[in-house]
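*Asks:* Take a look at the following structure, please.
Just so it is clear, none of the values below were taken in a lab; they were calculated from the coordinates. Since we're looking at a predicted model, the values are computed, not measured. Cβ atoms come from the backbone with ideal geometry, glycine included; neighbour counts cover every protein chain shown.
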Amino acid sequence: MPYPLQNHLRRLGGEVAAQALAEMAQPLRPVRTMREWLQQSFGPTLAARFFDPFHRLYTAGLYDRIAPQDAYKSPVDLGLAIRGALSDTPAVGYNATFAYPDGGLDVLARRMAAAGCVEYGKRVVRIELAEHAVHFADGTAQRYDTLLSTLPLNRVLEMASLATEAPPDPFTSVLVLNVGAQRGKRCPRDHWIYLPHSRAGFHRIGFYDNVDVAFLPAATRAQHDRVAIYVERAWVGGEQPDAEATRAYAEAVVRELQDWDLIGDAEVVDPTWIDVAYTWSWPGSTWVAEATGALRRADVLAVGRYGRWVFQGIAESIREGFAAGVALRTL
């Protein structure tokens, strides 16, 4: 199915399309959780086919307890849904168009870093708010007047020994399995695929080389007979598979991709664990405001996607970084 599902209902057949449209046309009632929002927005028919099972995987089972979030990723437009039940529709969504830097995002990051002073390999282990000092794993420390932090909000509170009255909002961790393989006969040209079901439990497959062929080894780019893939699976924050479970999962993913004929022989399989990958909120939560307020009073400004505990894209994060730098210079 093309993205987004709700704008291509004719692919599901006339009976299903009619039922889905009737459900989407119902008046909206107040909702509290993401699952309730999905049911209200898309109706039981589409929820059962895609939105419920996908978001169960995407949120590691949290979707029936967390607040609705990221509505712009699933645009609801009844007019376009009706049009899509009969004919083609224009591309919509948060990534319908995008800009990709020449040379890649890593080149852009290095060029921005060259304009400042960056110390690599310095891992923060403790923040002493009273002393206005950051302590590092190598035993060194750095004093500050105002500290700008892009680290995940929950980790900064731990490092600063700060507690909140509100319970911390949840997060999910993601195991990103990077696979370099021979290209299968059914490998698509899409940038990524959302999956409501998979045997191994992953919810998304992305194709690096469909964004830029430079992700492939130079010797294979002309014939494009290889594929560079990432596969995402979510865990509730605080859980992490051990080495043996990770190895078994990686093998299961490769078998499943081969069964679908997306890949042939896997030549490189490399897992990367993202501890705080996606941030969520409990309904009615005041934790973020309480946490960022306590840090601000201690001259620590939490910024960015993880510092403010919000989802935002790369371009917005870069803009916020420049704005935060300007604001810091005026303090």
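*Asks:* Provide the net charge surrounding Val326, with neighbours chosen by a C-beta distance below 15 Å and charges set as Lys +1, Arg +1, Asp -1, Glu -1.
*Replies:* +1
*Asks:* Further, regarding this structure: So how far apart, in nm, are the two label points at Glu119 and Arg255 if each is 7 Å from Cα heading toward Cβ?
*Replies:* Those two pseudo-labels are separated by 4.9 nm.
*Asks:* Summing Lys, Arg as +1 and Asp, Glu as -1, what charge do residues with Cβ under 10 Å from the Cβ of Pro241 carry, Pro241 excluded?
*Replies:* So the environment of Pro241 carries a net charge of -1.
*Asks:* Checking understanding here: applying a Kyte-Doolittle mean of at least -0.5 and a length along the axis of at least 18 Å (C-alpha), which whole DSSP H helices in the chain pass? Write down the numbers at each step before the final one.
*Replies:* Numbers: long enough: 243-259 (24 Å, -0.43); 314-329 (23 Å, 0.59).
Those that clear 18 Å and a mean of -0.5 are 243-259, 314-329.
*Asks:* A follow-up question, please. Among [x] 0.94; [y] 1.13; [z] 0.99, only one was calculated for this model; which label is it, if the read-out is Rg/Rh (Cα atoms, Kirkwood Rh)?
*Replies:* Of the labelled values, this structure produces [z].
*Asks:* So how do 121-128, 36-43, 323-330 stack up, highest first, on mean other-Cβ count within 10 Å?
*Replies:* Ranking, from highest mean packing down: 36-43, 121-128, 323-330.
*Asks:* Net charge near Gln142, counting Lys/Arg +1 and Asp/Glu -1 over other residues with Cβ under 15 Å of its Cβ?
*Replies:* -2
*Asks:* Quickly rank 98-110, 278-290 as a protection proxy: mean count of other C-beta atoms within 10 Å, highest first.
*Replies:* Most protected by this proxy first, the peptides run 278-290, 98-110.
*Asks:* Work out from phi, with θ = phi - 60° and the Karplus expression 6.51 cos²θ - 1.76 cosθ + 1.60, the ³J(HN,Hα) of each residue of segment 183-191, listed in order in whole Hz, and give x for Gly and Pro.
*Replies:* Ordered by residue, 3J(HN,Hα) equals 6, x, 5, 9, 5, x, 9, 5, 6 Hz.
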